[in-house]
Amino acid sequence: MSGELQPARMWPRDVVMVGAVGLRTRPLRAFLSALGIAIGIAAMVSVVGISSSSRAELNSTLDALGTNLLTVTPGTTLLGEQAQLPLTSEAMVGRIGPVQSLSAIGRVADVSVYRSDKIPAVQTSGIATYAARTDLLDTIGGRIRSGKWLDAATGRYPATVLGASAAERLGISHAGPDTQVLVGGEWFTVLGILEPAALAPELDSAALVGWPAADSELGFDGHPTSIYTRSQDAQVQAVRAVLGATANPEAPNEVDVSRPSDALAAKQAAGEAFTGLLLGLGAVALLVGGVGVANIMVISVLERRAEIGLRRSQGATRGQIRSQFLTESLLLSALGGAGGAVLGSGVTAAYAMYQGWLTVIPPWTLIGGVCATLVIGGLAGLYPAIRASRLSPTEALATP
């Protein structure tokens, strides 16, 4: 009939305002519920952000150092003993056409490094001594932190350059003519200290001396233990295929050839696997937060039966009641999602700044996180909203 009263239409703005009533009247409960969602989103955003920042730093490092470095080292013999590269291996490798530069180090056997002659001989701190070619840093992309590198002149005298870890273990922060260490029973002046070598980590815990000085002062046998080569980018795989046979033609099976950038990439892959695990934990936290929202919404329906009955008696439809509680659940989840996105971004930025990385947070992480909370909020609030809408006015108002 035309005289029947029609329920007032609620515009989206009205639905949001009505849905926000429950949040305003119970702010502490709303905060704690949103916090559960926020923790899950923050965990997921920070894990993805830190992983992306780490990956960006690795890519930047590889771009700066290059991926065309190949390392030749001695492997093992058929009897399982440590093999040895021939004295001519450097010259032989240098004859490979696409090789643009090469350098080498040689382990000086039975030579330990000490800060002073008062330290017991057993406390070597794991520092190895290597003879080094003067063009080593140019080949591996290494840098000096303090002092200077070996040259043709200093390489003939008892002078050493310490790797980053070796200097730290010896308690040396600055190189200079007054700083000396005991190398194989002889005093060597610390000429320089290296920055960590990303593509040659074996140098970090080493004391490097000139090739001539290692021969005259320490009894070095002259055999290289690592040969570093830089090749044309397009020819890296071809060079890698012939390096073993070229370095040791008589026993190519006793030569190991590696690409240091592959090790960095493998490390990153392992980190991404760990990232997947952390994302799973974040998803669990998000699910727990969704359960918390559902629980709060069910309790809210039970506590507000009188309010529901009053609204129904004043003409509110079941759909409007359902929209009210569903909107309240969505608002609660949206607040948690937005708060979690901000918190996760802050954690990522703080950690990246601490590590000296560029902060990288994929936009899809923030958008996906907020969307995930809305989906969870919708699912969490669906049952309580339907339950509230099914209450009749008389039943709701009769509840004490």
>> Suppose every Lys and Arg Cβ carries +1 and every Asp and Glu Cβ carries -1, with no other charges. What dipole size does the stretch 112-255 come out with about its Cα centre, to the nearest 20 debye?
In response: 320 debye
> So between A350 and I299, what do we pick up on full extension, going 0.36 nm a residue minus the alpha carbon distance?
Replying inline: 14.5 nm
> Taking R0 as 56 Å, what's the FRET efficiency between S258 and L287 from their Cβ-Cβ distance, rounded to 0.05?
Replying inline: 0.85
>> How much length would be gained if the chain were fully extended between H223 and R55, taking 0.36 nm per residue of separation minus their Cα-Cα distance, in nm to one decimal?
In response: 56.7 nm
> How long is the gain from V342 to D138 if the chain were fully straight, where each residue apart is worth 0.36 nm and the alpha carbon distance is subtracted?
Replying inline: 69.1 nm
> Which whole-number value in Å³ per residue fits the convex hull of the alpha carbons of the stretch 115-216?
Replying inline: 87 Å³
> With charges only on Cβ, +1 for K and R and -1 for D and E, what is the dipole size of the stretch 40-183 about its Cα centre, in debye, rounded to 20?
Replying inline: 140 debye
> Kirkwood Rh, Cα Rg: Rg to Rh for the stretch 162-261?
Replying inline: 1.06
> Between E195 and M17, how many nm apart are label points set 7 Å from Cα along the C-beta direction?
Replying inline: 6.0 nm
> Which value in nm describes the separation of the simple spin-label points at V375 and Q82, placed 7 Å from the Cα toward the beta carbon?
Replying inline: 5.6 nm
>> With the crude spin-label approximation of a point 7 Å out along Cα→Cβ, what separation in nm comes out for A238 versus D151?
In response: 3.7 nm
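Every number here is computed from the coordinates shown, using simple stated rules; none is lab data. Computed from a predicted structure; not experimentally measured. FYI the Cβ positions are ideal-geometry reconstructions off the backbone, even for glycines, and counts take in every protein chain you see.
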